[in-house]
Amino acid sequence: MEFLAFPDTGQIIEHMDAKILISAEHLHRYYGHHCAVQDVSFQLAQGEVLGFLGPNGAGKSTTMRMIAGTLAPSGGRITINGTDLLDQPRRAKADIGYLPEQPPLYRELTVDEYLHYCARLHRLARAERGRAVARAKERCGLDDAGRRLIGTLSKGYQQRVGIAQAILHDPAVVILDEPTVGLDPIQIRDIRGLIRELGERHGIILSTHILPEVQATCTRVQIINQGRLVFAESMDRLQQRLAGNTLLLETREPADADALRTLPGITTVESAGPNRLRLVFEGDNPADRVAALVHDKQWGLRELALDRRSLEQVFVDLTCSEPPAGAEEVA
Ligand code: ADP
């Protein structure tokens, strides 16, 4: 197992010897004097779906565009599947599929016409194009839509066409900017399923405002705020962090806080309402010891659960210096 340190956050990420598909080192981007992205470094390995979160104006799109090769960084280095994006852009871009926030679709073309056109833009050989279009349509659930005009498709199907053009040339890396914006709940479920499936073969980075989307789709999450990475963790570690170190206990009879305090591992006992206590602990979860004491004392166990912090809470804590307009976008 390989461990990688993230200079911005001090976080350590584990890679199970997976191939590194994106390596971004010390990225900076200025617009005039304004520094929109400041010293951002991260990596993406094969099989990962990396969720890129941040409030409006945090620098997500700027970072995504730099990695997709459509915006030059002011400083730093980007390597795509081992190729330096700035030194060998054409070769590096052959390994990138990109769905911008506004999918580049031609409404007056049929799905087949459009995907064949994209296959040419991706420089696929003539003999390969038919196979590539058929494969991308099949993976995106567009088998029956080939002859439909793109302008007549629902937003969800148009998004599938946008993803199909991004994976047409079977790139190692797929970059999706806000892939589920404007879709209805069924379409969102379908597109998330598709992203998870694609994540098994490719490395995927997706930006989003929607926090449950990260929990439903991603294997890793990073949060950018005011141009800097402020958080980078695997989903497993994030779940552990969200699980926290507090138990909520509700009993039928009032429980004796002093008796609970004597249990090994429990550091603080606070009231959380009538017959409810919040128990802060360190080390292993002491729920079994708490349940045993409640049983012995016959206080009547009503509820005993970990007090989970939500991802939204973590997000707001890390980005609270943002103006309220950005916070409102958090779903
Ligand atoms: P996000 O995608 O997280 O909403 P962006 O990357 O679009 O953030 O923007 C980051 C910052 O850079 C914002 O302050 C935005 O106003 C600024 N910015 C983005 N694009 C430009 C541009 N073309 N010219 C000047 N400033 C820009």
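Quick notes on this structure:
- Some residue of region 195-203 being under 15 Å from the mean Cα position of the chain (by Cα), of a type in the set (A, V, I, L, M, F, W, C) and closer than 30 Å to Glu138 by Cα: yes
- Inside region 82-91, residues that are modelled with pLDDT under 95 and surrounded by 20 or more Cβ atoms within 10 Å (Cβ to Cβ) make up a count of 0.
- From Tyr114, Tyr106, residue being in contact (Cβ under 8 Å) with a residue 40 or more places away in the chain and part of a helix (DSSP H, G or I): Tyr114
- The residues in region 35-69 that are outside any helix (DSSP H, G or I), crowded, with 23+ Cβ neighbours inside 10 Å and either β-branched (Val, Ile, Thr) or within 11 Å of the ligand (Cβ to nearest atom) (or both) can be counted, and the count is 9.
- Residues satisfying the stated conditions in region 30-80, i.e. at pLDDT 95 or above, aromatic (Phe, Trp, Tyr) and under 17 Å from Val173 (Cα atoms): Phe42
- Subset of region 70-81 (residues that are away from the ligand (no atom under 15 Å from the Cβ) and within 21 Å of His122 (Cα to Cα)): Ile78, Thr79, Ile80, Asn81
The values are calculated or read from the model by the stated rules, or taken from the named source; none is laboratory data. Remember, predicted model here, so these are calculated numbers, not experimental data. We place every Cβ from the backbone using ideal geometry, glycine too, and count neighbours over all the protein chains shown.
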